[in-house]
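Colleague: Below is the structure I would like to discuss, written out as structure tokens.
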Amino acid sequence: MKIAIAGGKGGTGKTTVALNLALSLEDAVLFDCDVEEPNCHLFLDLQLEPAGEVRVFYPRIDTEKCNLCGECSRLCQFNALVQLPAQILFLEDLCHSCGLCAMGCPQGAITEEKRLTGKIEKGTGEVDFYQGKLITGEAHASPVIEELKNKMTQEAINILDVPPGCNCASMTALEGVDFCVLVTEPTPFGFHDLKKSVEMLEDLNIPGAVVINRAGREPDKDTEDYCRTKKVPVLLRIPQDEQIARLYSKGIAFVKEKPEWKKKFLTMYSKIKELIK
């Protein structure tokens, strides 16, 4: 099973929900897909070790074979190849590593090179854990997320901590999951981005539900009414709780200190299984 924990904006509590859910289950494997700034490992007492590298295509142009026909520039949808009077200019930061330029070059002047763009790390402790890390300066997170997801197995309960937003990285993480939990907060920004996230799940045809973090404030009503209208179940409400906040600031998942919450996350998982059926 593949369960994604996502949200429209950063800081709503995705990592909190992903961690505590994974720690409440016996057969869970936690994947930190927020490869630009992974932080799940800060809450887990484990030693990370290398589990793979991520290398992506980039074009190498043979100037002796290239006749400046410009076909590669016309094929590139990301404007990474620009035809100049005396050369084809390659803009590395714009390249999405699709390889179309190499396939479409009439002269066979473009060959495939590989460059390191990220790495995968793993650790074993209270929960099996994998994370991806995008190398500083690299622009595209999706190849690292795709490689990280290759570590998932059919036998495990795979919990994915998804990057915030409704962008390429988050959609790459969501592709192929069985269910998505959207974590929101009762603020105007949280409510606005929740609506965008629900629309994204509808477009991707992924079943989902909501967890309201820092619940118990007046704006809850807007979120509750919206979820009721959209027929999106609210699985769990995590209150604005000083003890939970203090535990988070110390890097402690709160199910470790508040065992009653482990039962609530187990109940949440049972509801997810029912909704998938």
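The values are calculated or read from the model by the stated rules, or taken from the named source; none is laboratory data. Remember, predicted model here, so these are calculated numbers, not experimental data. When we count neighbours, we look across all protein chains shown, and the Cβ atoms used for this are built from the backbone with ideal geometry, even at glycine.
Colleague: Being crowded, with 16+ Cβ neighbours inside 10 Å and either assigned to a loop (DSSP other than H, G, I, E, B) or of a type in the set (Gly, Ala, Ser) (or both) is the filter here, so list the residues in segment 24-35 that pass it.
Modeller: Ser24, Leu25, Ala28, Cys33, Asp34, Val35 - these are the residues of segment 24-35 that are crowded, with 16+ Cβ neighbours inside 10 Å and either assigned to a loop (DSSP other than H, G, I, E, B) or of a type in the set (Gly, Ala, Ser) (or both).
Colleague: Has segment 201-219 got at least one residue that is without any contact (Cβ under 8 Å) to a residue 12 or more places away in the chain, under 20 Å from the mean Cα position of the chain (by Cα) and either outside any loop (DSSP other than H, G, I, E, B) or at negative phi (or both)?
Modeller: Looking for residues that are without any contact (Cβ under 8 Å) to a residue 12 or more places away in the chain, under 20 Å from the mean Cα position of the chain (by Cα) and either outside any loop (DSSP other than H, G, I, E, B) or at negative phi (or both), one finds at least one in segment 201-219, hence yes.
Colleague: Residue by residue through segment 230-267, note down the ones that are assigned to a helix (DSSP H, G or I) and hydrophobic (A, V, I, L, M, F, W, C). Before you say what the answer is, go through the steps one by one.
Modeller: Residues of segment 230-267 assigned to a helix (DSSP H, G or I): 230, 242-249, 254-256, 260-267.
Of everything in segment 230-267, those that are assigned to a helix (DSSP H, G or I) and hydrophobic (A, V, I, L, M, F, W, C) turn out to be Ile244, Ala245, Leu247, Phe254, Val255, Trp261, Phe265, Leu266.
Colleague: Go through (1) within 28 Å of Asn205 (Cβ to Cβ); (2) crowded, with 16+ Cβ neighbours inside 10 Å; (3) among the aromatic types (Phe, Trp, Tyr) one by one and return the number of the condition Phe43 breaks.
Modeller: It fails just one condition, (1).
Colleague: Still on this model: I'm trying to understand the selection: among the residues of segment 1-43, which are under 19 Å from Arg214 (Cα atoms), modelled with pLDDT under 95 and more than 16 Å from the chain's Cα centre (by Cα)?
Modeller: None - no residue of segment 1-43 is under 19 Å from Arg214 (Cα atoms), modelled with pLDDT under 95 and more than 16 Å from the chain's Cα centre (by Cα), so the list stays empty.
Colleague: Identify, please: which residue in segment 230-249 is of a type in the set (D, E, K, R) and in contact (Cβ under 8 Å) with a residue 24 or more places away in the chain and is, among those, nearest to Trp261 (Cα to Cα)?
Modeller: First, the residues of segment 230-249 that are of a type in the set (D, E, K, R): 230-231, 237, 241-242, 246.
Checking which are in contact (Cβ under 8 Å) with a residue 24 or more places away in the chain leaves us with 230, 237.
Numbers: Lys230: 27, Arg237: 11 Å.
The qualifying residue nearest to Trp261 (Cα to Cα) is Arg237.
Colleague: Within segment 236-255, is even one residue in contact with a Leu (Cβ under 8 Å, 6 or more places away or on another chain), farther than 18 Å from Thr12 by Cβ and either surrounded by 14 or more Cβ atoms within 10 Å (Cβ to Cβ) or of a type in the set (S, T, N, Q) (or both)?
Modeller: yes
Colleague: If I filter segment 234-251 for residues that are of a type in the set (Phe, Trp, Tyr), modelled with pLDDT of 95 or more, under 25 Å from Asn158 (Cβ atoms) and under 24 Å from the mean Cα position of the chain (by Cα), do I get at least one hit? So that I can check it myself, show each step before the final result.
Modeller: Let us first name the residues in segment 234-251 that are of a type in the set (Phe, Trp, Tyr), namely 248.
Now narrow it down to the ones that are modelled with pLDDT of 95 or more: none.
Among the residues of segment 234-251, not one is of a type in the set (Phe, Trp, Tyr), modelled with pLDDT of 95 or more, under 25 Å from Asn158 (Cβ atoms) and under 24 Å from the mean Cα position of the chain (by Cα), which makes the answer no.
Colleague: Determine whether Gly190 is buried (at least 16 other Cβ atoms within 10 Å of the Cβ) and in a helix (DSSP H, G or I).
Modeller: Answer is yes for this residue.
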